[in-house]
Amino acid sequence: MTTTPVALNLSTPARGARGKPPKHFADLTPAERVAKVVELGEKPLRAKQLATHYFSHLTSDPSAMTDLPASSRDALVEAMFPELLTPARTLRADGGTTVKTLWHLFDGAKVESVLMRYANRSTLCVSSQAGCGMACPFCATGQLGLTRNLSPAEIIEQVRSAARSLAAGEVPGGDTRLSNVVFMGMGEPLANYKTVMATVRALTAPTPEGFGMSARNITVSTVGLAPAMDRLAAEGIPVTLALSLHAPDDELRSELVPMNEKFSVKQVLDSARRYFEATGRRVSIEYALMRDINDQAWRADLLGTELNRRGRGWVHCNPIPLNPTPGSKWTASDPAVEAEFVARLRAHGIPTTVRDTRGSDIDGACGQLAAEED
Ligand code: SAH
């Protein structure tokens, strides 16, 4: 394997002539929502009414808001709930229980989200950026480069839409609640830090100020932006942190995750350990198993040693069978090799679960989101 130099784009992308997404109710803090309705000539209590419709009833349809005076309903909704996400294509798999939606944003940027219903939970995988600047060579999104950061409401709308669909019984299995959100769609969430935190606050705030989700049911996945991991640890919102490690040694990890040149295996694992200490939340280590690349038994042993060096019971491992991406020269590990890798980690006392590859037949699995139209 050769190493290709890649440009890492960590900075906030220029907004360009097309400007920012329109401000939406979900971009505002509860206090700002009150200020905004007052500015629009309405009573302060309207903010709570709108929040109830949006976060509890999961709607921004004025015709459903019968507790608001008909005279101001349309104007309020028009001012506060601009259309941010237009569904462009929906693909279903697993008997309709996996649903991938391609969204067009106001400026033509495209993102995808994937809803996965299981027996005991429903998980939405959201995008936090259009494209991604991290350039991991085995990930389809990484090949696109970064288009732009999403706004909080552009992420929150992905969540509201999925929660509404589940509540309306549109996913086979009867109506249900959205229980989990994972920031594992397009983008590097910690490179859009403020927006992701504003989103997490809206997800976890009790209804009607937010969706009332439990922080532990929200997972933020990162390539390992160590300073941002430490910042996240200090927020006092114990979300689950997932670290995309993929190799226990710097030589290989720098090829698979170019950001490793900036934050090494040691730095990212030390930050992950500090995250556990600050929050008490066990960190997930993601490891996409690639045949003959990172799946050797000695690498499983090295990973086990590196994790245990930092303590016991603070981490669990999530090997992911590599999902195919266009033009990629890598393939998934042989099942026997995968089994040996898992067995080695467990022999080191590391709890290990292989991630299922839901949605791979609709290019909706990890690393396959490329916002293709057809
Ligand atoms: N940028 C963040 C969020 C994306 S999460 C991060 O990298 O953590 C998507 C997860 O899927 C990451 O662990 C990523 O490394 C993994 N992934 C990417 N491409 C993959 C592929 N082709 N097969 C399996 N997993 C992949």
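Points to keep in mind about this one:
- Antiparallel content of DSSP bridges confined to the chain, in %, to 5: 50 percent
- Within the listed set Gly41, Gly185, Gly280, the Gaussian network model of the chain (springs between alpha-carbon atoms below 10 Å) gives the highest mean-square fluctuation for Gly41.
- The calculated 222 nm mean residue ellipticity attributable to helices in the chain amounts to -9000 deg cm²/dmol, summing -39500 (n - 2.57) over DSSP H runs of n ≥ 4 and dividing by all residues.
- With a Förster radius of 30 Å applied to the beta-carbon distance between Glu277 and Arg355, the computed FRET efficiency rounds to 0.75.
- For the stretch 125-356, the solvent-accessible area works out to 36 Å² per residue, with a probe of 1.4 Å and every protein chain left in place.
- Computed over the chain, the percent of Cα pairs more than 25 Å apart is 55.
- A probe of 1.4 angstrom, applied to the heavy atoms of all protein chains, finds Trp330 with accessible area near 30 square angstrom.
- Principal-axis analysis of the Cα atoms of the chain puts helix 265-279 at an angle of about 50° to the longest axis.
- The alpha carbons of the stretch 37-152 stretch over 53, 35, 21 Å along the principal axes, in descending order.
- The calculated FRET efficiency for the pair Arg346 and Glu83, based on their C-beta separation and a Förster distance of 35 Å, comes to about 0.10.
- Taking a ≥ b ≥ c as the square roots of the eigenvalues of the alpha-carbon gyration tensor, the stretch 89-209 is classed oblate because a/c is 1.5 or more while a/b is no larger than b/c.
- Hits among lysines - C-alpha to C-alpha of Lys48 under 20 Å, sequence gap 8 or more where chains match: Lys23, Lys36
- Taking all protein chains as they are arranged and a probe of 1.4 Å, the heavy atoms of Tyr193 leave approximately 20 Å² accessible to solvent.
- Tilt relative to the chain, helix 193-204 - C-alpha long axis, 0 to 90 degrees, to 10: 70 degrees
- Normalised radius of gyration (Cα atoms, divided by 2.2 N^0.38 Å) for the stretch 230-374: 1.06.
- Expressed as a fraction of 2.2 N^0.38 Å, the value expected for a compact globular protein of N residues, the C-alpha radius of gyration of the stretch 27-80 is 1.00.
- Expressed as a whole percent, the accessible area of the stretch 172-327 that falls on carbon and sulfur atoms is 48 (1.4 Å probe).
- Arg121 sits with roughly 100 Å² accessible to a 1.4 Å probe, with DNA, RNA and ligands left out of the calculation.
- Given +1 at the Cβ of Lys and Arg, -1 at the Cβ of Asp and Glu and no other charges, the dipole of the chain around its Cα centre is 960 debye to the nearest 20.
The values are calculated or read from the model by the stated rules, or taken from the named source; none is laboratory data. Owing to the predicted nature of the structure, the values given are computational and were not obtained by experimental measurement. Please note: Cβ atoms are built from the backbone with ideal geometry, for glycine as well, and neighbour counts cover all protein chains shown. These accessible areas exclude ligands, DNA and RNA; they are computed on the full protein's heavy atoms, side chains included. Shrake-Rupley method; radii C 1.70, N 1.55, O 1.52, S 1.80 Å.
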